[in-house]
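Peer 1: Quick one: the structure is below, questions incoming.
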Amino acid sequence: MEQVFTHVAALVTVIILIPFYRVLKGPTVFDRLLGAGAIGAKTMVIICLIGFIYKRVDMFVDITLAYAVLNFIGIIAVSKYFESQDEQEE
């Protein structure tokens, strides 16, 4: 069963490359923010899968929740920054 979780974690790691391309080449800042949010969500899945692999799901779920809060706060902070930049330009 651990091999299944390992293969799924490797697959999700490869899937992270798709939003990473959007972060690098996004035409707008908002596309880049959405890509960063998608990378954060997929990283949380990988952290939970690592918890299943090491049979310490309880500890890794706590780490995932902390990462989710940091990801959420970071995305909100950056979006507020760009919102204030748009207001200053007008």
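A short reminder: the numbers here are calculations on the coordinates, not readings from a lab. This structure is a prediction, so every number in the text was calculated from the model and none was measured. Here the Cβ positions follow ideal geometry from the backbone for every residue, glycine too, while neighbour counts run over all protein chains shown.
Peer 1: Between VAL23, VAL78, VAL45, where does the largest GNM mean-square fluctuation fall for the chain, given springs only between Cα atoms within less than 10 Å?
Peer 2: The residue with the greatest mean-square fluctuation here is VAL78.
Peer 1: Relative to the longest principal Cα axis of the chain, at what angle does helix 57-89 sit, 0 to 90 degrees, rounded to 10?
Peer 2: Between helix and principal axis, roughly 10 degrees.
Peer 1: Please compute the length gained on full extension between LEU34 and SER79, using 0.36 nm multiplied by the number of residues separating them and subtracting their Cα-Cα distance.
Peer 2: Stretched out fully, the LEU34 to SER79 stretch lengthens by 15.2 nm.
Peer 1: Calculate the spin-label point distance for GLU89 paired with VAL8, positioning each point 7 Å from the Cα along the beta-carbon direction, and give it in nanometres.
Peer 2: Rounded to a tenth, the inter-label distance reads 4.2 nm.
Peer 1: If you don't mind, there's one more thing I want to ask. How much mean residue ellipticity at 222 nm does the chain get from its helices, if each DSSP H run of length 4 or more adds -39500 (n - 2.57) and you divide by all residues, to the nearest 500 deg cm²/dmol?
Peer 2: Value at 222 nm, helices only, nearest 500: -31000 deg cm²/dmol.
Peer 1: Could I ask something else about it? Using Cα pairs closer than 8 Å and at least 6 residues apart in sequence, work out the relative contact order for the chain, in percent.
Peer 2: RCO, the chain: 27 percent.
Peer 1: Let me ask something else. For helix 29-53, what angle does its Cα long axis make with the longest principal axis of the chain, in degrees from 0 to 90 and rounded to 10?
Peer 2: So the inclination is approximately 10 degrees.
Peer 1: If neighbour count is taken as other Cβ atoms inside 10 Å, put THR13, THR64 in order from fewest to most.
Peer 2: Ordered from fewest to most neighbouring Cβ atoms within 10 Å, THR13, THR64 come out as THR13, THR64.
Peer 1: May I pose another question? What is the fewest-to-most order of MET1, MET59 by other Cβ atoms lying within 10 Å of their Cβ?
Peer 2: Fewest to most other Cβ atoms nearby, the residues stand as MET1, MET59.
Peer 1: Follow-up. If you take every residue apart from ALA38 with its C-beta less than 14 Å away from the C-beta of ALA38, what net charge results, scoring Lys and Arg +1 and Asp and Glu -1?
Peer 2: Counting the neighbours of ALA38, the net charge comes to +2.
Peer 1: Separate question: How large is the Kirkwood hydrodynamic radius of the stretch 2-89, in angstrom, based on all distinct alpha carbon pairs?
Peer 2: 14.2
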